[in-house]
Amino acid sequence: MNTTPDTSKLKRIVIKVGTSSLTYPSGKIHLRKMEELITVLSDLKNRGLEVILVSSGAIAVGVGKMGYETRPEDLPGKQACAAIGQCELMYLYDKFFSQYHVKVAQILLTKDAFEVPERRENVTNTFLRLLDMEVLPIVNENDSVTVEEIIVGDNDTLSALVALLVEADALIMLSDIDGVYSSDPRKNADAIRLDVANLNSQKLREGVSGAGSSHAIGGMVTKFAAASLTVPAGIYTWVMNGEEPRDLYRFFDGEPLGTLFIEGEADD
């Protein structure tokens, strides 16, 4: 699957939005950005797309609501903030989406929803029924009872697993960077954004992880890991900037934005 698809013909879409696209550095909700995202997603749904939103931000919102300057360092503290923040997050999603007559549903997942066959089937059926009911599912990992995401990373992998679960046409991971670059654009002014990123390029993968941190290039390590799950399954997968949600209009009108992950030839 190396050719760029006609994005105007994509139907079932999983969109992952990160914490930075929803909050200020303080952790408090960035209401303008959140409302813009919801406006665009509601309009895309009116256009006929089936949209599933995987949303980070619960812990950050909880931290902000409690007035803490930083995240708690202990795991129970993080889980408590996730419980507080998830409530606030879903309240705002429901409030904003309802302005456009879009019904939403919250789905909180844990690892066993993907690994235990019976639970996987039940979760899949729930997703499909919600889509049949024209309800927009909003997904997060259940941070209050599970530790994998809190310790390991963000929701990139979760969004990939959800895309596989619902047999999505595409996964779009909204990030704080325009896409995959030839090197770290924050350190190298000559870095070039790539239209496509070859998952089989060892050189590219080493460049992404070379700084020793998954956050070195906008968390690209986890995005490569997510794409490594979806692309072999035939799910078109992009990473693109989430700063301007209205760019999604341009994207679905066929304008090339962000970086498309592909399975190309391995490096020599």
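Can you bin the range 33-138 into rounded, prolate or oblate? Criterion: square roots of the alpha carbon gyration tensor eigenvalues sorted a ≥ b ≥ c, rounded for a/c under 1.5, prolate for a/b above b/c, oblate for the rest.
Values: a/c = 2.97, a/b = 1.24, b/c = 2.39.
The shape class here is oblate.
If the cut-off is 22 Å between C-alpha atoms, which lysines fall inside it for LYS65, apart from same-chain ones fewer than 8 positions away?
Within reach: LYS28, LYS33, LYS78, LYS95.
Calculate, in nm to one decimal, what ASN188 and ASN200 gain on full extension: separation in residues at 0.36 nm each, minus their alpha carbon distance.
Stretched fully, the ASN188-ASN200 segment lengthens by 2.0 nm.
Given the Cα-Cα distance of LYS111 and ASP6 and 0.36 nm per residue of separation, how much length would full extension add, in nm?
34.5 nm
Hey, can you rank 258-267, 66-75 by average C-beta count inside 10 Å, highest first?
258-267, 66-75
Note the per residue figure in Å³ for the convex hull of the C-alpha positions in the chain.
It is 128 Å³ per residue.
Read the figures in this text as sums done on the coordinates, not as results from a lab. It should be emphasised that the depicted structure is a prediction, and the values quoted were computed from it without experimental measurement. So basically every Cβ, Gly included, is an ideal-geometry build from the backbone, and we count neighbours across all protein chains shown.
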